[in-house]
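Working notes for the structure below.
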2 protein chains.
Amino acid sequence: MGNDNSHPFTGPVCPVPLQRYPQILLAHGSGGKLTDQLIRELIAPVFSNPALDPLHDGALVDAGGVRLAFSTDSYVINPIFFPGGDIGRLAVFGTVNDLAMCAARPAWLSAGFIVEEGFPMEDLARVVRSMNEAALQAGVAIVTGDTKVVERGKGDKIYINTAGIGLVPGGRKVSPAAVRPGDAVLINGAIGLHGVAVMSFREGLRFSSQVESDCAPLNTLVEDIYSVSPNVRMLRDPTRGGLASALNEIAREAKRGILLDEHAIPVTEEVRAACELLGLDPLYVANEGKCLVFVSPGDADAVLSAMRKNPAGKGSAIIGTVTETHPGRVTMKTLVGGDRIVDMMSGEQLPRIC
Amino acid sequence: MGNDNSHPFTGPVCPVPLQRYPQILLAHGSGGKLTDQLIRELIAPVFSNPALDPLHDGALVDAGGVRLAFSTDSYVINPIFFPGGDIGRLAVFGTVNDLAMCAARPAWLSAGFIVEEGFPMEDLARVVRSMNEAALQAGVAIVTGDTKVVERGKGDKIYINTAGIGLVPGGRKVSPAAVRPGDAVLINGAIGLHGVAVMSFREGLRFSSQVESDCAPLNTLVEDIYSVSPNVRMLRDPTRGGLASALNEIAREAKRGILLDEHAIPVTEEVRAACELLGLDPLYVANEGKCLVFVSPGDADAVLSAMRKNPAGKGSAIIGTVTETHPGRVTMKTLVGGDRIVDMMSGEQLPRIC
């Protein structure tokens with residue numbers, strides 16, 4: 001085992017060199033293998049600096065003795081209004097959550113709008129109001145912004161970028177390098193809701209009970225976790241690319257294995273049914289209100305019960321454990337008793353899901 | 001005079017209510033009257049908070065005793081490569097400059113890419129390298145980012161958002177409210193270069209000598225200004241909407257008049273000729289490396305000579321003065337000896353200029 005590269009379990013590798021793609025494909029935005037490759041081979045090496053290089057959800061910087069987290073995301077979701085949310089809520093909670101995953105307390109957001117000519121003023125007003133409600137809910141202020149307009153057919157209704165600043169309390173440090181064998185892996189509820197809500201709405205599918213996006217802020221959940229444990233190793237929100245891609249990234253960076261228990265992973269009946277119909281695997285479907293938590297084994301139960309008391313964590317569960325074996329790999333004990341390798345997402349499963 | 005609304009000199013008012021526009025027009029992104037109206041009537045009142053309400057180039061926030069400036073801009077310029085720059089340089093310098101205009105020292109930037117499917121990988125690499133060179137030149141680090149891909153025909157090659165954080169040294173405070181009658185108004189060089197460079201390139205116009213964008217970082221210029229004067233009242237980079245729109249915004253906020261001397265405003269022969277050909281007024285044409293400086297009259301000469309020593313300020317000039325009369329209005333002593341009211345830009349002069 002160990003680091004023998006001939007062994008099939010020695011970590012995901014990018015399957016084809018970037019040069020094989022002379023043009024950007026939709027899959028480069030999917031959050032899976034090609035996104036990862038694009039960032040690691042074309043973008044990150046050029047910008048390389050100590051704050052960027054870890055490629056976390058946000059960067060940590062020191063502003064005259066004050067530790068800040070800084071993060072950004074652009075939102076291009078289609079449709080802009082969907083069951084359980086809209087592009088405005090998503091843009092606020094998405095950046096709030098990226099900051100929370102840095103163990104920061106999100107404080108200030110920027111909002112940059114790229115609006116297509118002809119976009120209804122009423123819809124813009126609705127999105128703006130929704131962003132404000134989301135900011136109030138998450139306890140952050142939108143303090144600066146920008147608006148650009150592009151011609152018809154050079155955009156799609158509205159794209160929103162948010163960037164955010166959070167304050168990182170002393171003593172908190174999450175990073176894949178902090179993950180140790182035996183650590184418990186927790187999640188705060190059922191997976192796949194956001195992706196299924198958007199995809200089924202987009203495809204015009206109707207189920208007996210409509211699936212709603214889990215779009216929600218995670219910052220109070222993170223505070224509740226820290227209130228019972230100083231031994232949080234790593235936090236990550238499994239958005240584009242789903243649970244599987246997020247865990248693969250962590251396993252690779254941590255140079256540890258992650259063993260999941262399929263039984264323990266919360267999936268609703270509705271999501272399971274919709275995924276079967278849409279040909280999707282819930283492990284790869286985007287979430288917008290889910291948080292993966294790595295904690296020391298001794299604190300796992302306390303963290304689980306703290307999470308369950310938070311409105312965003314009622315469905316929390318311990319879903320896996322960190323192993324010394326299979327470094328860089330995610331494996332899963334399946335319902336039928338076998339072991340399955342869970343790879344990073346390939347190709348474009350769900351375009352413009354966020 | 002005073003605040004009598006019947007008087008023609010009592011500040012620009014939005015000519016038509018927002019409700020008259022049921023849809024977003026290109027002019028809503030022009031940086032002129034409609035952009036101003038959209039932000040003031042639809043966006044800012046909803047997000048209202050003390051850091052946002054001044055509607056400066058960036059927000060000032062207090063992070064545990066450290067004063068930060070925070071700013072964002074999205075760049076949708078067409079074409080993405082133009083004489084004197086490209087969208088990457090523009091995206092870096094634009095946000096660096098917005099921070100510098102808050103009297104901050106720019107430190108960290110985020111980069112959010114929205115790429116159209118089919119965009120050449122080589123062009124993406126070129127833009128990314130250009131951003132890195134610009135960041136090195138300006139002395140900032142790009143520390144966090146995001147990449148999204150949209151389908152062909154739902155974007156236009158590449159749009160880039162940058163947000164930035166700067167540190168504001170103690171004692172510095174710029175704001176329109178600080179502007180006083182008698183203050184000198186300075187600019188660091190010739191106006192209209194960016195807009196003319198992009199427009200003539202876009203229209204396929206060729207002049208005897210090609211006009212290049214003035215796209216440049218302004219942070220060392222601001223440091224040089226502060227090194228000779230603590231009495232800086234206001235800084236603003238006149239980008240979209242040009243010199244005229246920026247000065248109108250300041251005059252309105254300051255509730256003061258601004259009297260310009262047309263003789264003193266630096267305009268190159270090439271820009272003048274191109275503007276005549278294109279039917280543009282240089283006062284309304286976008287700049288990307290220009291800075292308006294308001295200082296106490298006693299410090300004006302020292303600031304002027306400090307600015308002229310900076311590579312970004314060789315063409316600096318005192319172009320006007322702040323008046324008690326005509327509050328909210330910009331007027332100009334013209335070359336032919338008359339007085340002209342210089343209003344904020346109306347309509348869409350130069351779409352997607354930044």
Legend entry - Residues within segment B:278-324 that are charged (D, E, K, R) and under 21 Å from the mean Cα position of the chain (by Cα), tallied: 5
Legend entry - Every residue from segment A:153-176 that is assigned to a strand (DSSP E or B) and surrounded by fewer than 20 Cβ atoms within 10 Å (Cβ to Cβ): A:L167
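Residues are listed down the side, and each one gets a yes or a no for (1) assigned by TED's automatic domain parsing to the domain that holds A:A111; (2) in contact with a Phe, Trp or Tyr (Cβ under 8 Å, 6 or more places away or on another chain):
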{"residue": "A:R20", "(1), (2)": "no, no"}
{"residue": "A:Q23", "(1), (2)": "no, yes"}
{"residue": "A:K33", "(1), (2)": "no, no"}
{"residue": "A:R40", "(1), (2)": "no, no"}
{"residue": "A:G65", "(1), (2)": "yes, no"}
Inset, instruction - Output the residues belonging to segment A:247-304 that are under 15 Å from A:V198 (Cβ atoms), among the aliphatic types (A, V, I, L, M) and in contact with a Phe, Trp or Tyr (Cβ under 9 Å, 6 or more places away or on another chain). - result: A:A274, A:L277
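Go through segment B:97-151 and give me each residue that's acidic (D, E) and more than 24 Å from B:V293 (Cα to Cα).
Answer for segment B:97-151, where residues must be acidic (D, E) and more than 24 Å from B:V293 (Cα to Cα): B:E116, B:E117, B:E122, B:D123, B:E133, B:D146, B:E151.
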Inset, instruction - Give me a count of the residues in segment B:112-145 that are within 17 Å of A:S71 (Cβ to Cβ) and crowded, with 24+ Cβ neighbours inside 10 Å. - result: 8
Legend entry - Selection from segment B:166-183 of residues that are touching a Leu at 6+ places or on another chain (Cβ under 8 Å) and under 29 Å from B:K255 (Cβ atoms): B:G166, B:V168, B:V174
Legend entry - Every pair of residues 6+ apart whose Cβ atoms lie under 8 Å, when the first sits in segment A:270-293 and is within 14 Å of A:G189 (Cα to Cα) while the second is surrounded by 16 or more Cβ atoms within 10 Å (Cβ to Cβ) and of a type in the set (S, T, Y): A:A286/A:T239; A:N287/A:T239; A:E288/A:S213; A:E288/A:T239; A:G289/A:S213
Inset, instruction - Go over the candidates B:P120, B:P50 one by one and state the one that is more than 27 Å from A:R40 (Cβ to Cβ) and over 16 Å from the mean Cα position of the chain (by Cα). - result: B:P50
Inset, instruction - Could you check B:G241 against (1) touching a Ser or Thr at 6+ places or on another chain (Cβ under 7 Å); (2) on the phi < 0 side of the Ramachandran plot; (3) modelled with pLDDT under 95 and say which number it fails? - result: (2)
Inset, instruction - Just give me the residues in segment B:293-318 being in contact with a Leu (Cβ under 8 Å, 6 or more places away or on another chain) and surrounded by fewer than 23 Cβ atoms within 10 Å (Cβ to Cβ), in sequence order. - result: B:A300, B:L304, B:N310, B:A312, B:A317, B:I318
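Yes or no, residue by residue, for (1) facing chain A (nearest Cβ under 7 Å); (2) touching a Gly at 6+ places or on another chain (Cβ under 9 Å); (3) under 30 Å from B:P230 (Cα atoms):
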{"site": "B:P106", "(1), (2), (3)": "no, yes, yes"}
{"site": "B:M131", "(1), (2), (3)": "no, yes, no"}
{"site": "B:K154", "(1), (2), (3)": "yes, yes, no"}
{"site": "B:Y159", "(1), (2), (3)": "yes, yes, no"}
{"site": "B:T162", "(1), (2), (3)": "no, yes, yes"}
{"site": "B:P169", "(1), (2), (3)": "no, no, yes"}
{"site": "B:P176", "(1), (2), (3)": "no, no, yes"}
Legend entry - Residue among A:V127, A:V140 that alone is touching a Pro at 6+ places or on another chain (Cβ under 6 Å), more than 7 Å from chain B (Cβ to nearest Cβ) and of a type in the set (A, V, I, L, M): A:V140
Inset, instruction - Give the residue that is nearest to the other protein chains (Cβ to nearest Cβ), with candidates limited to residues of segment B:66-100 that are surrounded by fewer than 24 Cβ atoms within 10 Å (Cβ to Cβ) and in a loop (DSSP other than H, G, I, E, B). - result: B:N78
Inset, instruction - Can you work out which of the residues in segment A:55-64 that are modelled with pLDDT under 95 and either part of a helix (DSSP H, G or I) or more than 12 Å from the chain's Cα centre (by Cα) (or both) is farthest from the other protein chains (Cβ to nearest Cβ)? - result: A:L55
Inset, instruction - Would you check which residues across segment B:35-54 are open to solvent by less than 60 Å² (accessible area, probe 1.4 Å), in a loop (DSSP other than H, G, I, E, B) and within 9 Å of another protein chain (Cβ to nearest Cβ) and list them? - result: B:N49, B:A51, B:L52
Legend entry - Hits in segment A:12-52 - residues which are of a type in the set (F, W, Y) and at pLDDT 95 or above: A:F47
Inset, instruction - Check segment A:186-204 and report whether any residue there is on the phi > 0 side of the Ramachandran plot and touching a helix residue (DSSP H, G or I) at 6+ places or on another chain (Cβ under 7 Å). - result: yes
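The values are calculated or read from the model by the stated rules, or taken from the named source; none is laboratory data. If you're wondering where the values come from, they're calculated on a predicted model, not measured in any experiment. All Cβ positions, even for glycine, are placed from backbone atoms using ideal geometry, and neighbour counts span all protein chains on display. When the accessible area is computed, the model is the full protein with side chains, heavy atoms only, and any ligands, DNA or RNA have been set aside. Shrake-Rupley method; radii C 1.70, N 1.55, O 1.52, S 1.80 Å.
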